[in-house]
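The values are calculated or read from the model by the stated rules, or taken from the named source; none is laboratory data. This one's a predicted model, so the numbers in the text were calculated from it and none came from an experiment. Positions of Cβ are backbone-derived with ideal geometry, glycine not excepted, and every protein chain shown enters the neighbour counts. Just the protein is used for accessible areas: all its heavy atoms, side chains included, with ligands, DNA and RNA removed. Shrake-Rupley method; radii C 1.70, N 1.55, O 1.52, S 1.80 Å.
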Amino acid sequence: MIGAIDIGGTKLAVGLVNENGKVIAKNEIVTGSESHYSAGLESIASMLREMEQHARVEITGIGIGSTGPVDPLTGELGDLDFLPRWRRKNPVRDLGELLGVEVALENDADAGALGEAAWGAGCGKSRLIYITVGTGIGGGIIFDGHLYRGVDGCHPELGHQVVDPSGPECSCGFQGCWESLASGPAMAAWAHEQAPASDSYRTAKQICKLAFEGDELARRFVDREAYYLGLGIANLINLFVPDRIVLGGGVMRSALLFLDGIRQQITRGCRFVPYEKTELALASLGKDANLIGAARVWHNRFGNAVQAISSRAV
Ligand SMILES: [Zn+2]
């Protein structure tokens, strides 16, 4: 039984995940910029101990997925804007000491990729790219069963590829990167600019709901979203030609609105590679995907996960 921890922008989710990738218990802690590190760690540890007792199981390891920059090799958190008191702390070392088990940490998009690869929509695919579209755009790349890492174990930033250099400024330093044009907030910001007097298009979720109902303006915003999603995905296909791209995150709960537009861009610009062999699939682990991915981080590091994925690869 693996203890799973998802460190997100506004909350910490904690759970128990069994060896088949099923969440059998979970709880949450709401966090803010004032949240203390050691108190947070104590809460996580006591939640895990309670769940362990209640479910009459034994936690044999802990996996963590975290938003923001992390060092997966040392276990150190980077400059987390949303949890300033957690900066440069090392939950891998500290939770390991508190609970007496091995702990592994990855960026949450990489954790999501590992979860979908093992137990979800990426199962059995040796070249897999997982994309999550929500408040930002992140992604993880798995090749031949191994999580792709850059220099010093760093996580590549798929959301910061430029798709329109005349687009909005992004905190990364560029203008018009994928995240600044196609994340949920980017979609809502564009809608607000086009219809400033309306309250109906304030969030991506609202816009998608209206588009499903046939609202013409919402459909225009959705078409623009699909166009930019499609450009970013087409770039990834041209660069990597993976077997499958798995699409997850809050915005992709409305994926049916976007898929035709995404495919249009792929067909338009990927003709020099066999793009028709890259399958698009929707993430299948549902609302517990982050916890399941976090648990898989432990399996990937300390279990026999790499061999398991490789042996299923075609
Ligand atoms: Zn950027």
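What does the accessible area of HIS36 come to, in Å² to the nearest 10, when a probe of 1.4 Å is used?
Solvent-accessible area, nearest 10 Å²: 100 Å².
With each run of n ≥ 4 DSSP H residues scored as -39500 (n - 2.57), what mean residue ellipticity at 222 nm is computed for the chain after dividing by its residue count and rounding to the nearest 500 deg cm²/dmol?
Working: 10 runs with 123 residues, N = 314.
My calculation for the chain gives -12000 deg cm²/dmol from helical runs alone.
Given the options VAL103, VAL162, VAL297, which has the most mean-square fluctuation in a GNM of the chain, springs set between C-alpha atoms less than 10 angstrom apart?
Maximum among the listed residues: VAL162.
Could you give the nm distance between label points at THR60 and ARG93, where each point is 7 Å from its Cα heading toward the beta carbon?
Output for this residue pair reads 2.8 nm.
Work out the FRET efficiency for LYS11 and ARG49 from their Cβ-Cβ distance, taking R0 = 25 Å, and round it to the nearest 0.05.
0.80
Where a ≥ b ≥ c are the square roots of the eigenvalues of the C-alpha gyration tensor, would you call region 62-144 rounded, which needs a/c under 1.5, or, failing that, prolate if a/b is larger than b/c, or oblate?
It is oblate, given that a/c is not under 1.5 and a/b is not larger than b/c.
I'd like to compare 210-216, 52-58: which one has the highest average count of other Cβ atoms within 10 Å, and what's the full order after that?
210-216, 52-58
Could you sort 19-26, 256-263 so that the peptide with the highest average Cβ count within 10 Å comes first and the rest follow in order?
Descending mean neighbour count gives 256-263, 19-26.
Ignoring ligands, DNA and RNA, what percent of the accessible area of region 199-304 is carbon or sulfur (1.4 Å)?
Carbon and sulfur: 49 percent of the exposed surface of region 199-304.
How much length is gained on full extension from ASP144 to GLN194, taking 0.36 nm per residue of separation minus their Cα-Cα distance?
13.6 nm
Is there a pair in LYS26/LYS209; LYS22/LYS89; LYS26/LYS287 whose C-alpha atoms are over 21 Å apart, and which pairs would that be?
Table pairs above 21 Å Cα-Cα are LYS26/LYS209; LYS22/LYS89.
Calculate, for region 13-54, the solvent-accessible area per residue in square angstrom, rolling a 1.4 angstrom probe over the heavy atoms of the protein chains.
Values: 2350 Å² over 42 residues.
Per residue, region 13-54 has an accessible area of 56 Å².
For the chain, which semi-axes, largest first and in whole Å, follow from the square roots of 5 times the eigenvalues of its Cα gyration tensor?
In descending order, the three semi-axes are 33, 23, 18 Å.
Considering the zone a paramagnetic label at SER171 would reach in this model (a point 7 Å from Cα along the Cα-to-Cβ line), which residues of region 185-207 have amide N under 16 Å from it?
185-186
Provide the solvent-accessible area of GLU97, counting protein heavy atoms only and rolling a 1.4 Å probe, rounded to the nearest 10 Å².
140 Å²
Of the residues ARG301, ARG219, ARG271, which exhibits the maximal mean-square fluctuation in a Gaussian network model of the chain defined by a 10 Å Cα contact cut-off?
Result: ARG271 has the largest fluctuation of those listed.
Subtract the Cα-Cα distance of ASN304 and THR267 from 0.36 nm times their separation in residues, and report this length gain in nm to one decimal.
Working: separation 37, 0.36 × 37 = 13.32 nm, distance 3.82 nm.
That works out to 9.5 nm of additional length.
Can you give the extra length, in nm with one decimal, that the chain gains between THR74 and VAL241 once fully stretched, where that is 0.36 nm per residue apart less the Cα-Cα distance?
57.0 nm
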